[in-house]
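Okay, structure first, notes after.
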């Protein structure tokens, strides 16, 4: 979803917002074709909150290189601390 949400800021910034929205919806359509079946399969073993924490964790892991490589933005130390808080959240969510 990172591509659908943010890539238009770099490559379509001179286009009208509705063009960026249509391109983003097109990208999101293909991403949802993977996301929805994964949630259906995962929900057989995991709770809803566990699925959400996994989704947030994966998004963060993907956002860091996306932000640096694709968008050319630096990562601040505050972002690292926030990531560690999410790791702690995942620990408590999955703790038996």
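For the chain, find the longest principal axis of its Cα atoms and tell me its angle to the long axis of helix 48-65, 0 to 90°, nearest 10. Long axis of 48-65 versus the principal axis of the chain: about 50 degrees. Compute the FRET efficiency between residue 36 and residue 86 as 1/(1 + (r/R0)^6), taking r as their Cβ-Cβ distance and R0 = 25 Å, and round to the nearest 0.05. Efficiency, rounded to the nearest 0.05: 0.60. Computed from Cα atoms, the angle from the helix 17-42 axis to the main principal axis of the chain rounds to 20 degrees.
Dividing the summed helix terms, -39500 (n - 2.57) for each DSSP H run of n ≥ 4, by the number of residues in the chain produces a 222 nm estimate of -25500 deg cm²/dmol to the nearest 500.
For the chain, the longest principal axis of the C-alpha atoms and the axis of helix 2-11 are separated by about 30°.
Among 83-92, 70-79, sorting by the average number of other beta carbon atoms lying within 10 angstrom of each residue, highest first, gives 83-92, 70-79. Shape class for the stretch 47-96: oblate, because the ratio a/c of the largest to smallest gyration tensor axis (alpha-carbon atoms, square roots of eigenvalues) is 1.5 or more and b/c is at least a/b.
What FRET efficiency, computed as 1/(1 + (r/R0)^6) with R0 = 25 Å and r the Cβ-Cβ distance, is obtained for residue 73 and residue 46, rounded to the nearest 0.05? The formula returns an efficiency of 0.20 here. Apply the a/c threshold of 1.5 to the C-alpha gyration tensor of the stretch 1-45 and tell me whether it is rounded, prolate or oblate. Note, shape of the stretch 1-45 comes out prolate.
Just so you know, all these numbers are worked out from the coordinates, no wet-lab data involved. Because the structure is predicted, anything quoted here is derived from the model rather than measured. Every residue, glycine among them, receives a Cβ derived from its backbone with ideal geometry; neighbour counts consider all protein chains shown.
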